[in-house]
Every structure is written in structure tokens, then in C-alpha cells.
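> Below is one structure. I have some questions about it.
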Amino acid sequence: MTMPPFASNALSGFILGLTTGPFCFAACFPVLLSLVLGDKSQPAGETWWFVGRFIAGRFVAYMALGIISSTVGSALGAASHTLCGGAWIVLSLALIAQGLGLSLPRGGLCEHIDQRFGKKCFPYVMGGLTAVNVCPPVLLAMTYTLDSGSAVAGITVFGSFFVATSLFILPAAFAGHLHQ
């Protein structure tokens, strides 16, 4: 018995998010934790709102990535299979390299975000930027959706990927109780 495409895409995105979630925890959690602990004037209860807005920014960015990558895959047609095969190999090697402690260069944008967007939008923007971060898990999800060729598949994969990776990010909301 085969699984319907929607269920297969949802399961694939969730499993990809769950298996690469520890990487997200190691890469994105420290960013969020430093943001949460950096504002000592913020009451502990406000931390949940901050983390919620951060996660909402990640959600919007993941949905956009899902739509964009699946649309590009659809436009490429059969060429996307060749492109995705090579990308899977390169991205798998990048994930192994990062697991061994090697890292990709950083852009240094975080210092300027608060000045450009203000305190109210800051968590959304930071969440969105961590979602579109050039990291192997996100790139693997993009490669998967490139091959799908359907915007619904892209949204489904990235939606379930978002849910699974958020399980690793959500505990940062408890950090607000640390600086009281």
C-alpha cells in the first residue's frame, strides 16, 4: 500500500526536521537564547511572546522557501532531477562537514537588524533569517521540494519540517526564567 502524496510529503518533511533538529538546536537555539537572555528588562512571561514571534517568522520564511523551491523545480522540469541528485550529494557532504565541526562563513547581518526593523519586528525578522540560513537541513528540504514540482508539496514539506524543528527551538521560552 502506497501513501498518498500529501501524507508522504508531510512525513518526509517531519522526519527530515526531526533528524536534523539537533543541528537546528545547535545552530539556531544559541541565537534565540542570546536574544532572550540579552534583554534583562523583559519579564519572564514576555519571553514566550518573543519566542512565539521568532517561531512565526521562521514559519513564514519556511512557507516562502517551500513555494519558491517547488515552483523553481516545476519550471526546471526534468532537469530538476539531475540538479537534485547532485545537490543531495553536495548537501549531505556539507551536513557531515558541519557535524565534524566545520562551518560555513557567516554574513554578520544580525547586528543591523534591530536598528533597521525596531523592537516590535525584531523577533519576526530574526526568526525569518534563521529559517533562510544557509544550513544543510534547510538546503536538504529545498532540494526535496525542488524535486516535487508542486507548491502544495513544497508547503507540506516545509510545514512539517517547521513543526519538527520547532520542537528543538521551543525550549528557549523557558530561558526567561533564568535572568530574574
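The values are calculated or read from the model by the stated rules, or taken from the named source; none is laboratory data. Since the model is a prediction, treat every value here as computed from it, not as a measurement. Every residue, glycine as well, gets a Cβ built from its backbone with ideal geometry; the counts of neighbours run over all protein chains shown.
> Within the range 63-77, can you find the residues that are part of a helix (DSSP H, G or I) and farther than 12 Å from residue 148 by Cβ?
Taking the range 63-77 as the starting set, the residues that turn out to be part of a helix (DSSP H, G or I) are 63-76.
Within the range 63-77, 63, 64, 65, 68, 75 qualify.
> Does the range 1-46 hold any residues that are of a type in the set (Val, Ile, Thr) and at pLDDT 80 or above, and which are they? Spell out how you get there, then give the answer.
Taking the range 1-46 as the starting set, the residues that turn out to be of a type in the set (Val, Ile, Thr) are 2, 15, 19-20, 31, 36.
Result: 2, 15, 19, 20.
> Hey, among the residues in the range 135-155 that are within 15 Å of residue 25 (Cα to Cα) and among the hydrophobic types (A, V, I, L, M, F, W, C), which one's modelled with the highest pLDDT?
Let us first name the residues in the range 135-155 that are within 15 Å of residue 25 (Cα to Cα), namely 135-138.
With the extra rule that they be among the hydrophobic types (A, V, I, L, M, F, W, C), the set shrinks to 135, 138.
Numbers: 135: 75, 138: 83.
Restricting to residues being within 15 Å of residue 25 (Cα to Cα) and among the hydrophobic types (A, V, I, L, M, F, W, C), the top hit is 138.
> Assuming residue 108 fulfils every condition listed in (1) assigned to a helix (DSSP H, G or I); (2) out of contact with any Ser or Thr (no Cβ under 9 Å at 6 or more places or on another chain); (3) within 23 Å of residue 24 (Cβ to Cβ); (4) at pLDDT below 75 apart from one, which condition is it?
For residue 108, the exception is condition (1).
> Another question, if that's okay. Scan the range 128-145 and tell me whether some residue there is part of a helix (DSSP H, G or I), of a type in the set (Phe, Trp, Tyr) and more than 16 Å from residue 32 (Cβ to Cβ).
Yes, because at least one residue in the range 128-145 is part of a helix (DSSP H, G or I), of a type in the set (Phe, Trp, Tyr) and more than 16 Å from residue 32 (Cβ to Cβ).
> Let me ask another. Taking interchain pairs and intrachain pairs at least six residues apart, which have beta carbon atoms under 7 angstrom, with the first residue in the range 1-12 and surrounded by 11 or more Cβ atoms within 10 Å (Cβ to Cβ) and the second polar (S, T, N, Q) and in a helix (DSSP H, G or I)?
From the range 1-12, the pairs are 6/156; 9/148; 9/156; 10/156; 10/160.
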